[in-house]
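**Q** My structure is below; once you've seen it, I'll send some questions.
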Amino acid sequence: MNNLRYFLLVPALLCATTALAERTFKWVDNEGHVHYGNRVPPEYAKQERKVMNSRGRTIQVYDAAKTPEQWESEQQLAEQAAKNKAIADKQAIHDRSLLATYSSEQDMLLAKDGKVASVEALLQLTNSRIASMQERLHKLTEEAATYERSGKALPKSLEFQLKNLREQITINEAFAKEKELERTTISNQFDTDIARYIELTADIPDAKPAKERYAQIDAAKNRRQLDLSRNDQLLLTTYKDEADIILTREQKLSSLDELIALTQTRLQSMQIEMDGLSDNADEYENRNKKVPEGLQGRMKNLLESISQGEELIVLKQQEKKKLEQQYKEDIKRYRMLTAKDQ
């Protein structure tokens, strides 16, 4: 019986060996000629080659080794794909925020008008300050010219005021240009957002959000038996995951930090100007002369501006602290709303 099994196995083994022996490689040389053989020459080992069975059918393909240029091209494509995905993710967050924040284009137009008006009010105030400083600079320049015509040395306090006023005018003019750019940016961004909002709501019956937007809300209700608040609904419809909330939080905190830093810089400039005006007033008093009303008025206005700036910093710091606390609670709430039952 064992001998019989042996004789039956021998033909099968011979066939398998023959099949391996008949395996053929196919490759193309540098002149474009096609070659066949049971071994590929070493100089063509990195080129594309095919393995063929005894019937001439391709059973395996070895790709050619990639050149450095091909590797670099693939890496560039991968990097670009990653960038495109990041842009798409950011756009998705923004889209959900638009749909959750506004109920119509009219809402967006009102928000746009409010923000533009806020910037324009600040711009108007800054331009008014610039005009006042330029008028003051003109008077001091005439006073300095009087000293020069009489051959007298220019007082240090007057020299300092002239220098300080010119610096303040330059700083405020730069600030005004920033506000003009900000006004344009806000207007353009809202125009883009309104166009995007119309596009997003184009296929929504009666201008209502699509049913998919409320799928997560329904899931939370069914899972937790919760009475969802408006804030809960905003959290679930605006953010895809916790990372979205963190990203939005960092963007808002960064904007507040920039505003606080800008206000602190302006306060420092105003304080320098105030120090110069105080020195000038002291000089009048040391000479038993009355401090000019113009100088007194300028000092009063500057003190009010400094006080307003300090109040603004306090308010923005409080707003930042409140925002941090709110996002801390929102993240905690979001985790609870989206947690899966064990």
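**Q** Which residues, taken from region 249-289, are farther than 28 Å from Glu173 by Cβ and out of contact with any helix residue (DSSP H, G or I) (no Cβ under 7 Å at 6 or more places or on another chain)? Even if it seems obvious, please write down each step before you answer.
**A** Applying the first criterion (farther than 28 Å from Glu173 by Cβ) to region 249-289 yields 249-253, 282-289.
Glu250, Gln251, Asp282, Tyr284, Glu285, Asn286, Arg287, Asn288, Lys289, listed by residue number.
**Q** If only one of Ala82, Ala100, Ala117 is assigned to a helix (DSSP H, G or I), over 18 Å from Ala174 (Cα atoms) and modelled with pLDDT of 85 or more, which one is it?
**A** Working: Ala100 fails: modelled with pLDDT of 85 or more; Ala117 fails: modelled with pLDDT of 85 or more.
Selected residue: Ala82, the only one of Ala82, Ala100, Ala117 that is assigned to a helix (DSSP H, G or I), over 18 Å from Ala174 (Cα atoms) and modelled with pLDDT of 85 or more.
**Q** Also, quick follow-up: Only one of these conditions is not met by Thr126: (1) closer than 30 Å to Leu236 by Cα; (2) of a type outside the set (D, E, K, R); (3) assigned by TED's automatic domain parsing to the domain that holds Met299. Which number is it?
**A** Only one criterion in (1) closer than 30 Å to Leu236 by Cα; (2) of a type outside the set (D, E, K, R); (3) assigned by TED's automatic domain parsing to the domain that holds Met299 is unmet by Thr126, namely (1).
**Q** Next question, about the same structure. Any residue at all in region 283-297 that's more than 28 Å from the chain's Cα centre (by Cα), free of Cβ contacts under 8 Å to residues at least 24 places away in the same chain, at positive phi and exposed (fewer than 13 other Cβ atoms within 10 Å of the Cβ)? Steps first, please.
**A** Applying the first criterion (more than 28 Å from the chain's Cα centre (by Cα)) to region 283-297 yields 283-297.
Still in the list and also free of Cβ contacts under 8 Å to residues at least 24 places away in the same chain: 284-293, 295-297.
If we keep only those that are at positive phi too, we end up with 288.
When the remaining residues are screened for being exposed (fewer than 13 other Cβ atoms within 10 Å of the Cβ), the result is 288.
Yes - at least one qualifying residue is present in region 283-297.
**Q** Name the pairs whose Cβ atoms lie under 7 Å apart, with the first residue in region 102-126 and farther than 18 Å from Asp191 by Cβ, the second of a type in the set (Phe, Trp, Tyr), and 6 or more positions between them or separate chains?
**A** Between residues of region 102-126 that are farther than 18 Å from Asp191 by Cβ and residues that are of a type in the set (Phe, Trp, Tyr), the close pairs are Thr126/Phe175.
**Q** What are the pairs with Cβ atoms under 7 angstrom where one residue, in region 147-160, is outside the structural domain of Asp275 (by TED's automatic domain parsing) and the other, located anywhere, is loosely packed, with under 11 Cβ neighbours inside 10 Å and in a helix (DSSP H, G or I)? Sequence gap at least six, or different chains.
**A** none
**Q** Please go through region 98-125 and give me each residue that is touching an Asp or Glu at 6+ places or on another chain (Cβ under 9 Å) and among the polar types (S, T, N, Q), ordered by number.
**A** Thr101
**Q** Right, another one. Can you say whether Arg49 is charged (D, E, K, R) and either modelled with pLDDT of 75 or more or more than 19 Å from Gly32 (Cβ to Cβ) (or both), as far as the supplied structure shows? Before the answer, list the steps.
**A** Details: charged (D, E, K, R): yes; either modelled with pLDDT of 75 or more or more than 19 Å from Gly32 (Cβ to Cβ) (or both): no.
For Arg49, the condition - charged (D, E, K, R) and either modelled with pLDDT of 75 or more or more than 19 Å from Gly32 (Cβ to Cβ) (or both) - is not met.
The values are calculated or read from the model by the stated rules, or taken from the named source; none is laboratory data. None of these values were measured; they are calculated from a predicted model. Here Cβ is always computed from backbone atoms with ideal geometry, including for glycine, and neighbour counts include all displayed protein chains.
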